[in-house]
Amino acid sequence: MFRAVTSAHQRKKQPDVIRAQLLRAAAELVTQGGTQAVTLEAVAAHAGVTKGGLQHHFKSKQLLLDALFEEMNRQFVESFHANIAEDPEAHGREARAYLRAMVSSPANSEQIRGLRALIGSMMVEPDLRERWNCSWQDDLQLKSGEVSPQDINSIICRLATDGLWFADLLEDQGIRPEVRAAVIRRLEELTRE
């Protein structure tokens, strides 16, 4: 009996741990079978918690998927800002940070596989698109009304990065790894021109 009380007591003190565990379980289920594989029962069982415990954190499947999407967005934003902070060269810094954050995960990574399943939701739900864009887009906006050649290079880099990321997302096998690496190097160079 003491062990059960301790276990329940520990769970109450670690709601962030349980929440992260639930999100990880949902991401694994999304990766394995798409969003249709995510049910409250399946996530609870996969995470090793009760359905009631899951519903304490997420009242519905949609709220769980929203939280999963937000977590992936948070990870991207953190990576983007970390790349900005690590880059000593001011010119083109934001474009390079965007490039590095977008291509940092290989196409077969768990994160990319999870995003493949969630990206469909973003395509059809304007509020998800808005949430994805609004949290980091300000860092990429042009600071004035004038568009310089460097601004154009940054825009080209961003659009090409989006295309490369989308090819990764779709598992486009037409881009050999050495070609992908060369494209990334050229985009890095473009941010410095």
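The values are calculated or read from the model by the stated rules, or taken from the named source; none is laboratory data. Computed from a predicted structure; not experimentally measured. Cβ placement follows ideal geometry from the backbone for every residue including glycine, while neighbour counts extend to all protein chains displayed.
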(message) I want to confirm something. Restricting to segment 65-92 and keeping residues that are assigned to a helix (DSSP H, G or I) and at pLDDT 90 or above, which single residue is nearest to LEU164 (Cα to Cα)?
(response) ASN83
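Quick check on GLU41: is it without any contact (Cβ under 8 Å) to a residue 60 or more places away in the chain and acidic (Asp, Glu)?
Values: without any contact (Cβ under 8 Å) to a residue 60 or more places away in the chain: yes; acidic (Asp, Glu): yes.
For GLU41, the condition - without any contact (Cβ under 8 Å) to a residue 60 or more places away in the chain and acidic (Asp, Glu) - is met.
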(request) Could you check how many residues of segment 76-88 are loosely packed, with under 14 Cβ neighbours inside 10 Å and polar (S, T, N, Q)? (result) 0
(request) Name, by its number, the condition in (1) free of Cβ contacts under 8 Å to residues at least 24 places away in the same chain; (2) closer than 30 Å to ARG185 by Cβ that does not hold for LEU63. (result) (2)
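I'd like to check something: does segment 19-38 contain any residue that is of a type in the set (D, E, K, R), within 27 Å of PRO126 (Cβ to Cβ) and at pLDDT 90 or above?
Scanning segment 19-38 turns up at least one residue that is of a type in the set (D, E, K, R), within 27 Å of PRO126 (Cβ to Cβ) and at pLDDT 90 or above.
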(message) What's the number of the only condition in (1) surrounded by 17 or more Cβ atoms within 10 Å (Cβ to Cβ); (2) not assigned by TED's automatic domain parsing to the domain that holds ASP162 that GLN14 fails to meet?
(response) (1)
(message) I want to confirm something. Restricting to segment 45-98 and keeping residues that are in contact with a helix residue (DSSP H, G or I) (Cβ under 6 Å, 6 or more places away or on another chain) and acidic (Asp, Glu), which single residue is farthest from ILE152 (Cα to Cα)?
(response) GLU71
(message) On the basis of being under 11 Å from GLY92 (Cα atoms), surrounded by 11 or more Cβ atoms within 10 Å (Cβ to Cβ) and of a type in the set (Val, Ile, Thr), does THR191 make the cut?
(response) yes
(message) Condition first: assigned to a loop (DSSP other than H, G, I, E, B) and loosely packed, with under 15 Cβ neighbours inside 10 Å. Now tell me which residues in segment 40-64 satisfy that.
(response) GLY48, THR50, LYS59, SER60
